[in-house]
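Visitor: Structure incoming, see below.
The values are calculated or read from the model by the stated rules, or taken from the named source; none is laboratory data. What you see is a predicted model, and the numbers here were worked out from it, not measured in a lab. Here Cβ is always computed from backbone atoms with ideal geometry, including for glycine, and neighbour counts include all displayed protein chains. Just the protein is used for accessible areas: all its heavy atoms, side chains included, with ligands, DNA and RNA removed. Shrake-Rupley method; radii C 1.70, N 1.55, O 1.52, S 1.80 Å.
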Amino acid sequence: MRVSVVGLGPGAGQDLTGRAAAALEECDLIVGYTAYVALLEGRFPGKERRSTGMRREVDRCRMAVEEAVRGRDVALVCSGDSGVYGMAALVYEVSRDYPPIEIEVIPGITAACGGAAVLGAPLTHDFAVVSLSDLMTPWAAIETRLELAARADFVLCLYNPASRGRPDHLKRACDILLREKSPETVCGYVRNIGRAGEEAHTCTLAQLREVEADMFTTVFVGNRQTTLIGGKMVTPRGYLQRGE
């Protein structure tokens, strides 16, 4: 009677953790979004798999909890980390409608960490993560978070920067950030982190405004100290700068 909420990492390949792999080996049933379950094709043979399409998050969490109540060991899979824009919180919320079950949250490598490693080391100092999707959060709240994070000079990691339904959200976010940050601020973005077709680019904040991003892109905006070293995006922690 357990649901393990498993983070698969950004590509469900080499970045799959040992704990995640063990949970998938031990479970009776794998549940998840269709695209994420497909990432496990050829792995963990013999496991029953069930999936739902986009925007059916509540349905698949209920499915996982109901199967656990029936006595099964269920792995509910998420891309990246299960607790960072993942299903972990929703499983806890849904579980209140059912008899008690065991819930285990198994972390994974989120896109912020996976993408940062591809670009270099942009997150070595304080940073904030903001999703530009207004499906769950009003744009006014997103705008306030961007403005305050920029004013505080956080490095920013932007999830869900654009989609077919909101193609201009990254451009709008850049306009907000440019109120507080220099147009020359070092930025970067990675598409298809850990998957076939992975590509990474660095640019300035002014140039980022014109980038055509999608839901598979993760964007990084540096702080005042962020620089390029050998073509890599680096935010110093301050060890050399403190003079010791």
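Visitor: How about the range 139-158: which of its residues are over 15 Å from Cys187 (Cβ atoms) and either within 16 Å of the chain's Cα centre (by Cα) or open to solvent by 10 Å² or more (accessible area, probe 1.4 Å) (or both)?
Guide: Trp139, Ala140, Ala141, Glu143, Thr144, Arg145, Glu147, Leu148, Arg151, Ala152
Visitor: Specify the residue that is nearest to Thr110 (Cα to Cα); the eligible residues are those in the range 183-193 that are open to solvent by less than 60 Å² (accessible area, probe 1.4 Å) and assigned to a loop (DSSP other than H, G, I, E, B).
Guide: Ile193
Visitor: Sticking with this structure for a sec: Test Glu93 against the stated conditions and say whether it is modelled with pLDDT of 95 or more and touching a strand residue (DSSP E or B) at 6+ places or on another chain (Cβ under 9 Å).
Guide: Spelling it out, it is not the case that Glu93 is modelled with pLDDT of 95 or more and touching a strand residue (DSSP E or B) at 6+ places or on another chain (Cβ under 9 Å).
Visitor: Those residues that are farther than 21 Å from Gln241 by Cβ and open to solvent by less than 30 Å² (accessible area, probe 1.4 Å), I need them from the range 120-138; list them, please.
Guide: Ala128, Val130, Ser131, Leu132, Ser133
Visitor: Out of (1) modelled with pLDDT under 95; (2) within 29 Å of Arg19 (Cβ to Cβ), what's the single condition that is false for Thr110?
Guide: Failing condition for Thr110: (1).
Visitor: Looking only at the range 41-78, count how many residues are among the hydrophobic types (A, V, I, L, M, F, W, C), within 22 Å of the chain's Cα centre (by Cα), surrounded by 14 or more Cβ atoms within 10 Å (Cβ to Cβ) and over 14 Å from Cys27 (Cα atoms).
Guide: 2
Visitor: Now for a different question. Just checking, how many residues over the range 6-40 are open to solvent by less than 40 Å² (accessible area, probe 1.4 Å) and over 17 Å from Asp73 (Cα atoms)?
Guide: The number of residues fulfilling the criteria is 8.
Visitor: OK, next. For the range 30-76, give me the residue count where each residue is hydroxyl-bearing (Ser, Thr, Tyr), under 22 Å from Ile193 (Cβ atoms) and free of Cβ contacts under 8 Å to residues at least 24 places away in the same chain.
Guide: 2
Visitor: Right, Tyr98: of a type in the set (Phe, Trp, Tyr), surrounded by fewer than 21 Cβ atoms within 10 Å (Cβ to Cβ) and in contact with a Lys or Arg (Cβ under 9 Å, 6 or more places away or on another chain) or not?
Guide: When the stated conditions are applied, Tyr98 passes them.
Visitor: Which residues, taken from the range 8-29, are touching a residue at least 24 places away in the same chain (Cβ under 8 Å) and within 20 Å of the chain's Cα centre (by Cα)?
Guide: Leu8, Gly9, Pro10, Gly11, Ala12, Gly13, Gln14, Asp15, Leu16, Thr17, Arg19, Ala20
Visitor: Moving on to the next point. So Thr204 ticks every box in (1) closer than 22 Å to Pro236 by Cα; (2) open to solvent by 20 Å² or more (accessible area, probe 1.4 Å); (3) under 17 Å from the mean Cα position of the chain (by Cα) but one. Which box is left unticked?
Guide: Of everything listed in (1) closer than 22 Å to Pro236 by Cα; (2) open to solvent by 20 Å² or more (accessible area, probe 1.4 Å); (3) under 17 Å from the mean Cα position of the chain (by Cα), Thr204 misses just condition (3).
Visitor: Let me ask something else about it. For Tyr85, are the conditions met, namely being farther than 12 Å from Gly108 by Cβ, within 16 Å of the chain's Cα centre (by Cα) and surrounded by 18 or more Cβ atoms within 10 Å (Cβ to Cβ)?
Guide: In short, no.
Visitor: Now a separate question. Just to be sure before I move on: is Arg151 within 13 Å of Ser133 (Cα to Cα), at pLDDT 95 or above, out of contact with any Phe, Trp or Tyr (no Cβ under 6 Å at 6 or more places or on another chain) and charged (D, E, K, R) in the structure I sent?
Guide: Criteria not met by Arg151.
Visitor: Can I ask one more? Just one of (1) at pLDDT 95 or above; (2) in contact with a Leu (Cβ under 8 Å, 6 or more places away or on another chain); (3) of a type in the set (Lys, Arg) trips up Arg19, so point out which.
Guide: Among (1) at pLDDT 95 or above; (2) in contact with a Leu (Cβ under 8 Å, 6 or more places away or on another chain); (3) of a type in the set (Lys, Arg), Arg19 violates only (2).
Visitor: Let me ask another. Pairs needed: first member in the range 133-149, farther than 13 Å from Cys174 by Cβ; second member anywhere, open to solvent by less than 60 Å² (accessible area, probe 1.4 Å) and of a type outside the set (Lys, Arg); C-beta distance under 6 Å; at least 6 residues apart or different chains.
Guide: Here the result reads Ser133/Asn160; Arg145/Val130; Ala149/Ala128; Ala149/Leu156, each pair linking the range 133-149 to a residue that is open to solvent by less than 60 Å² (accessible area, probe 1.4 Å) and of a type outside the set (Lys, Arg).
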